[in-house]
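What follows is calculated from the coordinates using simple rules that are stated; it is not laboratory data. This one's a predicted model, so the numbers in the text were calculated from it and none came from an experiment. Here the Cβ is made from the backbone with ideal geometry for all residues, glycine too, and neighbour counts use every protein chain on show.
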């Protein structure tokens, strides 16, 4: 793999940025990678673990001379960070981001992008329930999708170059319109996360079942929910606030369907339940065939291990 | 490990029974294990893969002379199977089951249990999204909980002996009252499964997002739901029909909470969302500390691999 950008600047040093650094290094995709995080503790941690070739004490210093600047901050902070950096961006540079919501990021960032700078929003569909600079690893994006969401007038060469970077980091790349992206993600990620958060909250609230019972006896179903519900609170608050319409639409559909299944339980309609569960099982098979997950048993935790 | 029962009969040869066989063999816990399944195909598969020391063509033959008979059929079929076997059970034998709902199983089975036979219901909290005789493996129960739910007048010696079998198969064992069991499981397993089924169904229904998009771009949240929603349809239909009250109660609480979070999204109450998500993250930490899951990233699928 050859160098795609001479200098890359990562702004915000959480799970995604730290994984990007290790993935870029693994494949030798950049000459130098600079990094900046607002918190001095995060910068100190990054220096300690060798994250980035150079950690800068200001965002402007990290961005200066960069061919690619990637905003890796929570979606709600993208606009302010872009405003702060606008005057430092090098002519001909590409500005990108990794936010989970695209319409809001585009509306917040695009007005600040100077003439001659290419704005190419992106969203890597990868994550874990861990966060922070220590949580990254080079393989996070391997065989995952990264969605590029060009804006009106995005330079085709700049889009193609960014696509090559993501492929070099292990991703598959697709291009998508911002509004469609936000709807697809509401279905596949945002609504499921809110639902998992809710169920974990209900379990905690229930006074007749102790927390320790919930924790001891959490079988597959609940345990998988707790993994999802352990994701970064700031990131997810911003996702829901900025992808409000699509998330609320999906949640509306969800409660409609849930009420139908509750009614089937109440009235003892076993056929409806059986048919529904048979259909959802087939969807799972489709996901395995599409290579998005493994068929390994025990929910992927390895054979019966903890 | 020494032999705990001279002869064990497994009735129904799905994931749980087949895992029990391999776990019993691993530790040498029984002299002989017989097996029976209603379907000739399942019996043929069992013989082909060497599941059980002896596969019988009738349930009565499998049960004859057994010291322990374990009903491993869907919860809705337990009563009929118990009625069929009642006259063949050996005096002094223990009759148990592995159903996910306990009050219903007790009500359906207990009336058929002859004098002199010890009825000790049980529920191993272990599973995968796979089913059938080929899906079992010896490690399924390792470090998982098995809940014993003795009925009024259960013989203490029989309960203790069954507990030793489950410990020998790798489980931790607790004893619990049937109604409390059903409530705990409604929270930790039954409601989460229904919710996952619902969300997967919604995704499939949504016409503006294609199935192929849902499948390709299913990130962690949705993908974990599809695992849960791929579980055995017959088993889960029976669970919901037979643990109706507790499941509906939990789902009622769930929709209340979900509406509160939806309202926070709609009104832009970021603080409520942030506080809620911070609380659920702490619950996850408790589960890891209790040893019920690993802290491995990427939802346990291994570092970024598929």
Point to revise | Antiparallel DSSP beta bridges within the protein assembly as shown, as percent of all bridges there, nearest 5 | key: 10
**Study point:** Within a Gaussian network of chain B (alpha carbon springs, distance under 10 Å), most fluctuating of B:113, B:214, B:75
**Key:** B:214
Study note, to complete from the structure: Classified through the alpha carbon gyration tensor (a ≥ b ≥ c as square roots of its eigenvalues; rounded if a/c is under 1.5, else prolate when a/b is larger than b/c, else oblate), the stretch A:68-206 comes out prolate
Point to revise | Shielding of A:267-276 by partner chains, average beta-carbon count, 10 Å | key: 4
Practice item. Any chance you could tell me what percent of the C-alpha pair distances in the stretch B:165-228 go past 17 Å? Key: 59
Review point. Where both residues lie in chain B, what percent of DSSP beta bridges are antiparallel, nearest 5?
Key: 10
**Study point:** Estimated translational D of the stretch B:180-294 in µm²/s (Stokes, Kirkwood radius over Cα pairs; 20 °C; 1.002 mPa s)
**Key:** 132
Check your understanding: With the calculation restricted to Cα positions, what are the radius of gyration and Dmax of the protein assembly as shown in angstrom?
Key -> 26.7, 89
Check your understanding: For the stretch B:1-48, what does the alpha-carbon gyration tensor say about shape, rounded, prolate or oblate, given a ≥ b ≥ c as the root eigenvalues, a/c under 1.5 as rounded, and a/b over b/c as prolate?
Key -> prolate
Review point. Of the beta bridges DSSP finds with both residues in the stretch B:5-176, what % are antiparallel, to the nearest 5?
Key: 10
Review point. Given that compact globular proteins tend to follow 2.2 N^0.38 Å, what is the ratio of the alpha-carbon Rg of the stretch B:67-150 to that value?
Key: 1.12
Study note, to complete from the structure: Restricting to Cα pairs under 8 Å and 6 or more apart, the percent relative contact order of the stretch B:152-272 works out to 28
Check your understanding: If one takes the longest principal axis of the Cα atoms in chain A, at what angle in degrees, from 0 to 90 and to the nearest 10, does the Cα axis of helix A:233-242 lie?
Key -> 90
Check your understanding: Cα axis of helix B:156-168 to longest principal axis of chain B: angle in degrees, 0 to 90, nearest 10?
Key -> 60
Study note, to complete from the structure: Summing -39500 (n - 2.57) over every DSSP H run of at least 4 in chain A, dividing by its residue total and rounding to the nearest 500, the 222 nm mean residue ellipticity is -15000 deg cm²/dmol
Point to revise | Normalised contact order of the stretch B:5-176, rounded percent, pairs of Cα under 8 Å and 6 or more residues apart | key: 25
Revision key, fill the gap. When chain A is treated as a Gaussian network with springs between alpha carbons less than 10 Å apart, the largest mean-square fluctuation among A:49, A:288, A:215 is found at A:288
Study note, to complete from the structure: Expected max-MSF residue from A:76, A:286, A:116 in the GNM of chain A (alpha carbon, under 10 Å) is A:286
Check your understanding: Which value in Å is the Kirkwood Rh of chain A over different Cα pairs?
Key -> 21.0
Point to revise | Which of A:43, B:47 has the fewest Cβ neighbours within 10 Å, and the rest in rising order | key: B:47, A:43
Exercise for review: Using Cα pairs closer than 8 Å and at least 6 residues apart in sequence, work out the relative contact order for chain A, in percent.
Suggested key: 16
Study note, to complete from the structure: In degrees, nearest 10, the alpha-carbon axis of helix B:244-267 is tilted away from the dominant principal axis of the alpha carbons of chain B by 10
Check your understanding: Exposure proxy check: A:231, B:39 ranked by fewest other beta carbons within 10 Å?
Key -> B:39, A:231
Point to revise | Shielding by partners - mean other protein chain Cβ count within 10 Å, residues of B:240-253 | key: 4
**Study point:** Centroid-to-centroid separation of the stretch A:97-113 and the stretch A:180-194 [C-alpha atoms, Å]
**Key:** 17
Revision key, fill the gap. Put in order of increasing Cβ neighbours within 10 Å, starting from the fewest, A:137, A:259, A:119 give A:259, A:137, A:119
Check your understanding: Just counting partner chain Cβ atoms within 10 Å, what average do the residues of peptide A:135-148 show around their Cβ?
Key -> 3
Check your understanding: Label points 7 Å out from Cα along the Cβ direction at residue B:155 and residue A:84: separation in nm?
Key -> 7.4
